[in-house]
Amino acid sequence: MQKHSIVVHTTMIFVLILALAILAMAADPHVGTWKLNVAKSKFNPGPPPKNDTMAFTAQDNGIKLVEDPVEADGKARHIEIAIKYDGKDYPLTGSPAIDTLALRRIDANTFKAVAKKAGKEVLRAREVFSKDGKTFTLTEKGKNAQGQAINNTWVFDKQ
């Protein structure tokens, strides 16, 4: 009887540990509100935006993003997208430069994105979330509407 109790107890502990590990892996580092740290970010070509705030909520195998940037000239925008991590194009509203975005999860803290305008790729991005969950770095490479090369590093702090 005691052997059976030990086996059941050990099995229950193993199942609990496995369930916690699965939950930890499934946690989406996007979720929450992120504020642009302009001082730590680099924009080429510039000038940098005045500020930017991104709010992510979890959705089935993806996220919903509501972003409110203020550009260097003071113009405010409101951007939204609901997107899955399947690498397919999803419509994005509120950006004059991008109308679809595709997102793919590489590992627990790394994502790759491809942005398009009128079906043509305009930039590729890599999102890396720090292991402590406090910082999110977005690097972009591509071309803007004027044909200039884009090489930006956005650094966001979790709020």
* What single numbered condition from (1) surrounded by fewer than 17 Cβ atoms within 10 Å (Cβ to Cβ); (2) without any contact (Cβ under 8 Å) to a residue 40 or more places away in the chain; (3) part of a loop (DSSP other than H, G, I, E, B); (4) not basic (Lys, Arg) fails to hold for residue 80? -> (3)
* Can you tell me which residues in segment 123-159 are within 14 Å of residue 112 (Cα to Cα) and of a type in the set (A, V, I, L, M, F, W, C)? -> 123, 125, 128, 129, 136, 138
* Which condition number in (1) at positive phi; (2) in a strand (DSSP E or B) is the one that residue 136 fails? -> (1)
* Using the structure shown, decide if residue 80 is under 20 Å from residue 135 (Cβ atoms) and either in contact with an Asp or Glu (Cβ under 6 Å, 6 or more places away or on another chain) or not basic (Lys, Arg) (or both). => no
* Residue that is surrounded by fewer than 14 Cβ atoms within 10 Å (Cβ to Cβ) and either at pLDDT 95 or above or closer than 20 Å to residue 28 by Cα (or both), where the choices are 52, 89, 60, 68 -> 60
* Structure fact -> From the option list 141, 112, 88, single residue qualifying as within 11 Å of the chain's Cα centre (by Cα) and more than 19 Å from residue 32 (Cβ to Cβ) is 112
* Structure fact -> Checking 29, 96 in turn, the sole residue that is loosely packed, with under 14 Cβ neighbours inside 10 Å, part of a loop (DSSP other than H, G, I, E, B) and at pLDDT 90 or above turns out to be 96
* Would you say residue 126 is crowded, with 17+ Cβ neighbours inside 10 Å and of a type in the set (Lys, Arg)? -> no
* Test residue 102 against the stated conditions and say whether it is without any contact (Cβ under 8 Å) to a residue 60 or more places away in the chain, within 12 Å of the chain's Cα centre (by Cα) and surrounded by 14 or more Cβ atoms within 10 Å (Cβ to Cβ). => yes
* Asked: Just one of the numbered conditions (1) under 16 Å from residue 41 (Cβ atoms); (2) outside any strand (DSSP E or B); (3) not small (Gly, Ala, Ser) is not true of residue 146; which one?
  -> (1)
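The values are calculated or read from the model by the stated rules, or taken from the named source; none is laboratory data. Predicted, not measured: the structure shown is a model, and the values here were computed from it. We place every Cβ from the backbone using ideal geometry, glycine too, and count neighbours over all the protein chains shown.
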